[in-house]
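First comes the structure, then the notes that go with it.
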Amino acid sequence: MLCDFHIHSTFSDGRLTIPELIDFYGQRGFGAIAITDHLCEEETILGRTARFFERTLTRASFPRYLEILRQESARAWDRYRMVVIPGYELTKNSLVNHRSAHVVVLGAEVFLSADQEIVDLLMQVRDLGALSIAAHPVNTGKFEPQTYHLWSRREELRNQFDAWEVASGAVLFEEVANSRLPMIANSDLHHPRQMTSWKTKLSCERHPHAVLDAIRRQEVDFVYFQDRVAQFNFGFTCPKLKTAQP
């Protein structure tokens, strides 16, 4: 089944609502997705700015976010047999690229403050039984702020993360592909036009626990999905990205 575990809704800086995202992916035959809106630091200037412009989850909006996710997860299963994983993207932004870090959290329904050191955050994610992903840890190939902090600490954090994004959108990260780190590929979708991108492919039971366990065990493959009238293009794969045969 095709999967995408890094998706943003209007609860942060995405263009589509959660119900719209469910239909958008369900109509394209995806087996599992995760909604992962930004959860920014509360005490920094950039975090406060994100809160002011409603580009982040907050303590006030988080309960409503979870409520809609639960409702739409049920609808996604009933209508499309699609698994929806709850999550968010812990967002530590800085004016300095080497101090910025984003951590995608899958399977968590508890608000975590991003105003903590990375190691402490990762320990809390594991205590929740959730899964952590180092989001776009190297140059994304786009003219945008970069998030290099995690990559500069990759040896220290190697065993703390469950996976590192080997592709974000249409960009393949050669450094991650050659690193022997556990990997995952996502779209980091904010706008429908970003749907054409690398995706993760799993072969497991359609159940949230089975999906997360497959990622942890690295029973994953990666394909390039071209969004042309809901057709899948499995021809453009990268053999060296295959970490385990599903």
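Among the GluC sites (Glu not before Pro) within the range 6-112, those in coil by DSSP and having at most 16 neighbouring Cβ atoms inside 10 Å are Glu42, Glu43, Glu54, Glu109.
Its relative contact order, with pairs defined as Cα atoms under 8 Å and 6+ residues apart, puts the chain at 18 percent. Averaging the sequence gap over all C-alpha pairs within less than 8 Å and six or more residues apart, then dividing by the number of residues, gives the range 48-116 a relative contact order of 24 percent.
Work out the length of the dipole vector of the chain about its Cα centre, built from +1 on the beta-carbon of each Lys and Arg and -1 on the beta-carbon of each Asp and Glu, and round it to the nearest 20 debye.
Value, rounded to 20: 560 debye.
Computed extension gain for Thr10 through Ala74, at 0.36 nm per residue and net of the alpha carbon distance, reaches 21.1 nm. Overall, the anisotropy analysis places the chain in the rounded class: the square-rooted eigenvalues a ≥ b ≥ c of its C-alpha gyration tensor yield a/c less than 1.5.
Taking every alpha-carbon pair under 8 Å whose residues sit at least 6 apart, the range 102-145 reaches a relative contact order of 53 percent. Between the alpha-carbon centers of the range 1-66 and the range 112-127, tell me the distance in whole angstrom. Comparing the Cα centres of the range 1-66 and the range 112-127, I get a distance of 19 Å. The GluC sites (Glu not before Pro) found in the range 114-160 that occupy coil by DSSP, while having at most 13 further C-beta atoms within 10 Å, are Glu117. In this simple spin-label model, placing a label point 7 Å from the Cα along the Cα-to-Cβ direction at both Arg158 and Arg64 gives a separation of 4.5 nm.
Largest GNM mean-square fluctuation among Asp162, Asp213, Asp13, using the chain with Cα springs under 10 Å: Asp213. The stretch between Ile45 and Arg180 holds 45.0 nm of extra length on full extension. This uses 0.36 nm per residue minus the Cα-Cα distance. Think of the range 1-147 as having a plus end and a minus end, set by charges on the Cβ of Lys, Arg, Asp and Glu; of Phe30, Ser100, Gly87, Phe30 sits farthest toward the positive end of this dipole. Annotation: extensible slack from Gln146 through Glu54 equals 31.0 nm (criterion: 0.36 nm per residue apart, minus Cα-Cα distance). From its DSSP helices (H runs of at least four residues, each -39,500 (n - 2.57)), the chain gives a residue-normalised ellipticity at 222 nm of -7500 deg cm²/dmol.
Once you sort the root eigenvalues of the Cα gyration tensor of the range 19-64 as a ≥ b ≥ c, which label holds: rounded (a/c under 1.5), prolate (a/b larger than b/c) or oblate (the other case)? Prolate. Given the range 9-112, what percent of its DSSP beta bridges are antiparallel, to the nearest 5? Counting only bridges with both partners in the range 9-112, antiparallel ones make up about 40 percent.
We did not get these values from a lab; they are worked out from the coordinates using the rules stated. Here the structure is a predicted model, which means the values were calculated and not measured. For neighbour counting, all protein chains shown are included, and Cβ atoms are generated from backbone atoms with ideal geometry for every residue, glycine included.
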